[in-house]
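**Student:** For reference, the structure I am asking about is given below.
The values are calculated or read from the model by the stated rules, or taken from the named source; none is laboratory data. Being a predicted model, the structure only gives us computed values, none of them experimental. Because the Cβ atoms are built from the backbone with ideal geometry, glycine has one as well, and the counts that use them run over all protein chains shown.
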Ligand code: AMP
């Protein structure tokens, strides 16, 4: 797929130069560009980002690229679901204007170690940073590179990956990029489980029990104003640990901006409860905002 090809109503590009030419025509016509980066295996969560971009931007580009540099576990990378044909179908149904499907060589022409290095201080040390060393370095690297290629007016990302949004916001600031970052709400299954490309790897019994993650986050939200936050973290951790097949890595109640642990509900205007747990062989993360008042 060297050249741009119309995929019925949606355009598909593999080469950055072909995508850029196409986007330049739309910019010249006065359209703003909205960008949704993904790793494919698309579900309603991803499509909600496309719809949000459609509502705000004149032209929406979605990228599908399973970025090797953000996987700290080779097994996780090799098992990552790849469903390109179905993804294209879903994107078209969501009225995405173009899909960008670059190869590794196009994203990293100078090798996997290329690109600027960012310093995130405490933002990439806690939570995911603690359990997935190097993960956010890879995330910042690929999003920076994709933003370089697409040059969108806005980038749409999901709250589901709350720490990732904080990292990308900081990367955009440090790189001085002129792009608006829009954080979109987490889309959930009926039982509250956050939609994730990894959910398809859950065994039937595990899937039936996985709603517990959201129920514990809700438990924290309901009690946060009147019980010590450390007790709530402990209670949620115990509840998750006692579920067969669950191996929680953390339950943390943090400041929504600095991601530092919050000891007391009155300490911050913006508080988020975050969880990471293994369910069998699948690692799931989720979060809910438990307080957001004032400017946040
Ligand atoms: P991924 O393909 O997992 O890298 O995700 C691509 C984008 O979709 C990221 O910005 C995610 O935060 C977002 N996303 C993933 N799951 C959901 C969800 N359940 N609700 C909203 N956004 C999501």
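**Student:** Does residue 92 count as touching a residue at least 24 places away in the same chain (Cβ under 8 Å) and either more than 16 Å from the chain's Cα centre (by Cα) or assigned to a loop (DSSP other than H, G, I, E, B) (or both)?
**Tutor:** yes
Okay, residues lined up against (1) assigned by TED's automatic domain parsing to the domain that holds residue 65; (2) in contact (Cβ under 8 Å) with a residue 12 or more places away in the chain; (3) closer than 28 Å to residue 21 by Cβ; (4) assigned to a loop (DSSP other than H, G, I, E, B):
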| position | (1), (2), (3), (4) |
| --- | --- |
| 110 | yes, no, yes, yes |
| 130 | yes, yes, no, no |
| 141 | yes, yes, yes, no |
| 146 | yes, yes, yes, no |
| 152 | yes, yes, yes, yes |
| 156 | yes, yes, yes, no |
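**Student:** What are the residues in segment 194-224 that are more than 9 Å from the ligand (Cβ to nearest atom) and touching a helix residue (DSSP H, G or I) at 6+ places or on another chain (Cβ under 6 Å), if any?
**Tutor:** Residues satisfying the conditions are 216, 220, 223, 224.
**Student:** Of the conditions (1) in contact (Cβ under 8 Å) with a residue 60 or more places away in the chain; (2) outside any helix (DSSP H, G or I); (3) away from the ligand (no atom under 11 Å from the Cβ), residue 118 clears all except one; give me its number.
**Tutor:** (1)
**Student:** Another question, then. For segment 52-81, how many residues are assigned to a helix (DSSP H, G or I), more than 16 Å from residue 137 (Cα to Cα) and within 11 Å of the ligand (Cβ to nearest atom)?
**Tutor:** Qualifying residue count for the region: 1.
**Student:** Of all residues in segment 129-149, which are in contact with a helix residue (DSSP H, G or I) (Cβ under 9 Å, 6 or more places away or on another chain) and farther than 15 Å from residue 67 by Cβ?
**Tutor:** Passing the criteria: only 129.
**Student:** Mind listing whichever residues of segment 26-45 are more than 16 Å from the ligand (Cβ to nearest atom) and either under 25 Å from the mean Cα position of the chain (by Cα) or not assigned by TED's automatic domain parsing to the domain that holds residue 91 (or both)?
**Tutor:** 32, 33
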